[in-house]
Amino acid sequence: MRKMLTIISNVLRGNASRNGAELVSEGARVVVSARTYADFTPQASFDIKKCDLHKLEEGPPQQAVLTREEGLQYYRTMQTIRRMELKADQLYKQKIIRGFCHLYDGQEACAMGIESGINLSDHLITAYRAHGYTLTRGGTVREIMAELTGRRGGIAKGKGGSMHMYTKHFYGGNGIVGAQVPLGAGVALACKYQGKNELCVSLYGDGAANQGQIFETYNMASLWKLPCIFICENNKYGMGTSVERASASTDYYKRGDFIPGLRVDGMDVLCVREATKFAAEHCRSGKGPILMELQTYRYHGHSMSDPGVSYRTREEIQEVRSKSDPISLLKDRMLSNNMASVEELKEIDIEVRKEIEDAAQFATTDPEPPLEDLCNHIFYNNPPLEVRGTNPWSKLMSVS
């Protein structure tokens, strides 16, 4: 207590020997540490929105328990995704990031909720809006940012870019609309074939939901009772078309017909977590696949070439931000239940911003991969292979 009072006193006097901002930050840390064990609520229960059900007699619980440690972890991860995407937006507009780039801000509760409802040994595959999942699956901010700028330290060695990032048990990042869904069913088939108690989460968007290959995959997955969670991230708009204009039926959770389904509030990380746990238990118990529709919202346009306001109003975006933002919802819950302090969350914000800035610095200074690395890793565990370049006399080598 004496130390805390001394620091606060020094701040008020404007102690010339140290920077005032640093003292405020240290004072906040002391206040937080003084309260950590004595005053904070270790866990709390929250009412969550009831899921709409299809071919299910009962669904996930309507109450979720959140511990303080979980809440802080979720908050940090979701803030990291948000800040990372905003930095990517900035670097793209500076023409440091080029090519296709699809941002995930607004949908953070989906990635965080799904990851907290499955195991790291489970498998996940998604479409091209993949930065958030790359992080929750074990990638680092440095690796992701360096991949976006095409640098050697990127998670795919600078050769994949925004749409093609991979980690252990994470299969991308896929650029072909809807094509990742049958691939995910194939991963689920491998899980069943190998006899491991694992599953695959196969994600797609509302735009891809009308693809024929998805319905073919539903059929095969149901016939073979594959441990696959099909998840439609319904962010209300395809490339530039609202779901009402693109789909005769917008009940995406019913699209599996013979496959049970859930419609979930995708802006609430606890709702997504509980629904994912429910779906995972369904798959692990041998009942076959299940379908989830996460009702969410993207703040940016479909991609960086889409300003995102030609088919919706700025007022609509702002209304979602003010009423349904997933990070604000979690923050308000924690503060109102004395699970964290404003100072503590601000400290996390500062640390996240620094991590993002450091990663951006690395992503703009790390060297680009050399030409001789271009064709590496075509095959796994294969002898070196000669690859033809852009003309017959241009030869490159592929090293596994």
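Evaluate the stretch 103-111: report whether one residue or more is out of contact with any Leu (no Cβ under 9 Å at 6 or more places or on another chain) and of a type outside the set (S, T, Y).
The answer is yes; a qualifying residue exists.
Filter the stretch 208-231 down to the residues that are touching a residue at least 60 places away in the same chain (Cβ under 8 Å) and crowded, with 23+ Cβ neighbours inside 10 Å and list them by number.
A221, L226, P227, C228, I229, F230, I231 - these are the residues of the stretch 208-231 that are touching a residue at least 60 places away in the same chain (Cβ under 8 Å) and crowded, with 23+ Cβ neighbours inside 10 Å.
Rundown of residues vs (1) in contact (Cβ under 8 Å) with a residue 60 or more places away in the chain; (2) within 16 Å of F230 (Cα to Cα); (3) open to solvent by less than 20 Å² (accessible area, probe 1.4 Å), yes/no style:
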{"residue": "L270", "(1), (2), (3)": "yes, no, yes"}
{"residue": "A279", "(1), (2), (3)": "yes, yes, yes"}
{"residue": "S285", "(1), (2), (3)": "no, no, no"}
{"residue": "Q295", "(1), (2), (3)": "yes, yes, no"}
{"residue": "R298", "(1), (2), (3)": "yes, no, yes"}
{"residue": "H302", "(1), (2), (3)": "yes, no, yes"}
{"residue": "S305", "(1), (2), (3)": "no, no, no"}
{"residue": "R312", "(1), (2), (3)": "yes, no, yes"}
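Taking K346, is it at pLDDT 95 or above, surrounded by fewer than 16 Cβ atoms within 10 Å (Cβ to Cβ), farther than 20 Å from Y128 by Cα and touching a helix residue (DSSP H, G or I) at 6+ places or on another chain (Cβ under 8 Å)?
Answer is yes for this residue.
With respect to the numbered conditions (1) open to solvent by 10 Å² or more (accessible area, probe 1.4 Å); (2) outside any helix (DSSP H, G or I), which one is the sole condition not fulfilled by L291?
Here L291 clears every test but (1).
Restricting attention to the stretch 360-399, which residues are of a type in the set (D, E) and over 36 Å from the mean Cα position of the chain (by Cα)?
If the condition is that a residue be of a type in the set (D, E) and over 36 Å from the mean Cα position of the chain (by Cα), then E386 is the only one that fits.
Taking the stretch 55-85 only, how many residues are open to solvent by 20 Å² or more (accessible area, probe 1.4 Å), touching a residue at least 40 places away in the same chain (Cβ under 8 Å) and aliphatic (A, V, I, L, M)?
The number of residues fulfilling the criteria is 2.
Does V320 satisfy the criteria of being assigned to a helix (DSSP H, G or I) and either modelled with pLDDT under 95 or touching a Phe, Trp or Tyr at 6+ places or on another chain (Cβ under 6 Å) (or both)?
Yes.
Can you go through L270, L203 and tell me which one is assigned to a strand (DSSP E or B) and among the aliphatic types (A, V, I, L, M)?
Being assigned to a strand (DSSP E or B) and among the aliphatic types (A, V, I, L, M) holds for just one of L270, L203, which is L203.
So which residues in the stretch 126-170 are closer than 21 Å to S400 by Cα, touching a Lys or Arg at 6+ places or on another chain (Cβ under 8 Å) and either assigned by the TED database to the domain that holds H377 or assigned to a loop (DSSP other than H, G, I, E, B) (or both)?
Selection gives G150, G153, G158, K168, H169.
Quick one: count up the residues across the stretch 349-394 that are of a type in the set (A, V, I, L, M, F, W, C), surrounded by 10 or more Cβ atoms within 10 Å (Cβ to Cβ) and assigned to a helix (DSSP H, G or I).
Result for the stretch 349-394: 7.
The values are calculated or read from the model by the stated rules, or taken from the named source; none is laboratory data. Predicted model, so just to flag it, every value in this text is computed and none were measured. With ideal geometry, Cβ positions are generated from the backbone for all residues, glycine too; neighbour counts draw on all protein chains shown. The protein model used for the area step is the full one, side chains on, heavy atoms only, and it has no ligands, DNA or RNA in it. Shrake-Rupley method; radii C 1.70, N 1.55, O 1.52, S 1.80 Å.
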